Amino acid sequence: MAVCLYLLCTSFIPKEPAPLSILQRVLPWDKYDLGWNAMRPLSSASQSPLRMDPNYNSSAPPQERHFDWTVERKIVAPDGVPRLMYTINGQFPGPIMEVTEGDVVVVRVRNQIFDDYEVPEPPITSRLEDVFAEGTDRKFSFHWHGLSMRGQQVMDGAASFTSCPLKPGNETVYRFTVHPEDVGTHWYHSHVGTSRADGLWGMLIVHARTDERALFQKHRPTANVHWDDDIAVALGDHFHVMSPESLAEYVSLLLSNAEPVPDSGLINGKHVFSCYMSRMEDVPCPAGDVDEVGEYETFHLKPQRSYRLRLVNVGSVADVIFSVDGHTMTVIEADGTLVEPMNVHRIPIAPGQRYSVILHREPSSKADRVWMRAEMSAECFKYLNPVMDPMVKAIVAYDESAEDDHHWLSPLRMRSYRRAISESIWARRWGWTLRPSSQPWSPNVTDVGIPDEPCHDLEPGTLVPLISDPAPKLDVSQGDRQVYVNIEVLNRHKYFKAPMAFMNMSTWRPYGRLGPAKQPLLHRISHSNTSSPQEWEQMGLVNREHELVVSTHPSKPVVFELVLFNYDDGPHPFHLHGHKFWVLHIGEMERVRFKYTKDVEDSFDLTRAMKRDTVVVPMLGHAVIRWVADNPGVWAFHCHMNVHLASGMAMAFVEQPEVLQSHPPVPPTCQ
């Protein structure tokens, strides 16, 4: 009987794939040498590029860890809709990197972007040529987001700040040491143009050499923090057009200052796209006449084991709210800093931010399949994209015995095992899997410190470092510095009313558009004989209109405080290279401009201030951050929303330029 059923079922499995006519409506396929296997998404049974190594030995002696990458572009269908994407060694997302503090990381990278994609003619009012030079989409550099790069400034990978971009046909080698301060959940991504939004990223995990679980036992023994395995989870928005096309619309009169709204979202580079929903809104579906394309990422867990989810928002625009149905979470890390355990049902994550959470299955949850959710709040966007489903999902599946020793199985376990095997077969043949019926947490379920409103970060003071690391006091009399910076997007007449991003009325352009021989700031400053931004401007080394440069101190470490004012009606997630900073004060929606008084300064809780590298400056609000400027170099500080960075929302901090000039870390020109 079983044999007959098997023959009956397999007789209906098609021997050849469906014709390409539907997919050919999306892109000019005749320009690409593509077969069916090049276009169809990987089955759920294939190994994800972001799968962490369960046998990784973080206690091994320090060593060199080598990675060899080739970057090119090819057609990929992350959510079932084919489009051109950047790949690393043919993969999207890029391969996960696991290293341990003390290791030397060596990454050899080749640029093989030789496809015939051309950026389309922008809208007539677009100022794309002002922010995106011809050929930008074929160049890239890699920034190691979250690493200090202490003593290795050129390896930071921020093109035009510390290095030149890699051109097609060229190759380079990144070589750097990861230090104890670098331990944590991080990621790497391109730092040229907007290629990060088109897939040029991956996750980077820096393991501690000693077991971090022991630190929780020592500092918070009652919290009972434990995990058996680590899982990397990348969350982010996704567009069906190349990012230069979205940028061209943003810097025009077309969107009236509105940031582009995603078409979809991804978890670990996968999701589904509903053509049914797009047809309901009379919007043509780029995938053709099917109801749904793509597949969900599936995380296979064991009920008897505990898991640490390492979360990162790799998106280019959207905040996400992360949760897992029927599960609570304990937050234990933020941007590489271990924190006092905090129990939550959901957590907001802005672009560039990272968290680690311990996943707890609720005793009342009996389902063996539930939804993981990364919700993009529609209220955070300034216009409606009718094809977008803001609820991005993946499947958490509890496998009772699929990997157990099957020498002997009880009838019930044998039945469970057979079901797992049959699902695997169907997943391989059809890309099909059982879908959960679980429901999200009710909006009435709230947690202390988790905002009720969309587009908001955690409430100030919510996170506290696990290991005491008080913020230093600011003493201007001893050379410490405090700087005020205004952030805004303006429609200036100079740019024909197209929106551009400004910091203290300077809008960043790589190399200041007309920088000396187009050399990065690090090269220019390291080989000059002056040490102040004013002198650099007078000598023509820095273009003040397009390069906002601040020096902390010419020759010694000082405490540096930055007061940020956001004049926009939306938040900005700001990331600092080369450092973590203490977040001292945050406010939003202020009717009267924030006044920094002695009483305000005295109210700062220096002993419990959170330390991280990406902070959300609230809409029409402010943020006060402080760090010790003890890392000589040129460090970028910018909004992590792609269109804001590309249109000018960036500046540079130069630390101890005289130290750089005494022993230049780079040659006068890029090599």
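So the values come out like this:
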{"quantity": "Residue in segment 135-146 that is in contact with a Leu (Cβ under 9 Å, 6 or more places away or on another chain), surrounded by 21 or more Cβ atoms within 10 Å (Cβ to Cβ), free of Cβ contacts under 8 Å to residues at least 60 places away in the same chain and not in a strand (DSSP E or B) present", "calculated": "yes"}
{"quantity": "Positions within segment 377-406 being in contact with a His (Cβ under 6 Å, 6 or more places away or on another chain) and at pLDDT below 95, in sequence order", "calculated": "D399"}
{"quantity": "Any chance G352 is touching a Gly at 6+ places or on another chain (Cβ under 6 Å), assigned by TED's automatic domain parsing to the domain that holds V225, closer than 30 Å to G461 by Cβ and outside any strand (DSSP E or B)", "calculated": "no"}
{"quantity": "Set V173, V71: member being touching a Lys or Arg at 6+ places or on another chain (Cβ under 6 Å), in a strand (DSSP E or B) and not small (G, A, S)", "calculated": "V173"}
{"quantity": "V261 being under 21 Å from S48 (Cβ atoms) and under 25 Å from the mean Cα position of the chain (by Cα)", "calculated": "no"}
{"quantity": "Test: residue in segment 418-439 that is at pLDDT 95 or above and surrounded by 14 or more Cβ atoms within 10 Å (Cβ to Cβ)", "calculated": "yes"}
{"quantity": "Filtered residue count, segment 589-618, keeping only those that are within 17 Å of L562 (Cβ to Cβ), free of Cβ contacts under 8 Å to residues at least 40 places away in the same chain and in a helix (DSSP H, G or I)", "calculated": "1"}
{"quantity": "Verdict on E588 being touching a Ser or Thr at 6+ places or on another chain (Cβ under 6 Å) and on the phi < 0 side of the Ramachandran plot", "calculated": "no"}
{"quantity": "Single residue of segment 167-208 satisfying the filter (over 25 Å from T614 (Cβ atoms) and among the basic types (K, R)) that is surrounded by the fewest Cβ atoms within 10 Å (Cβ to Cβ)", "calculated": "K167"}
{"quantity": "Where a residue in segment 634-658 is under 20 Å from F565 (Cα atoms) and its partner, wherever it lies, is in a strand (DSSP E or B) and among the hydroxyl-bearing types (S, T, Y), with Cβ under 7 Å and at least six apart", "calculated": "H640/T614"}
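The values are calculated or read from the model by the stated rules, or taken from the named source; none is laboratory data. Keep in mind it's a predicted model, so treat the numbers as computed, not measured. All Cβ positions, glycine included, derive from the backbone under ideal geometry; neighbour counts span all protein chains shown.
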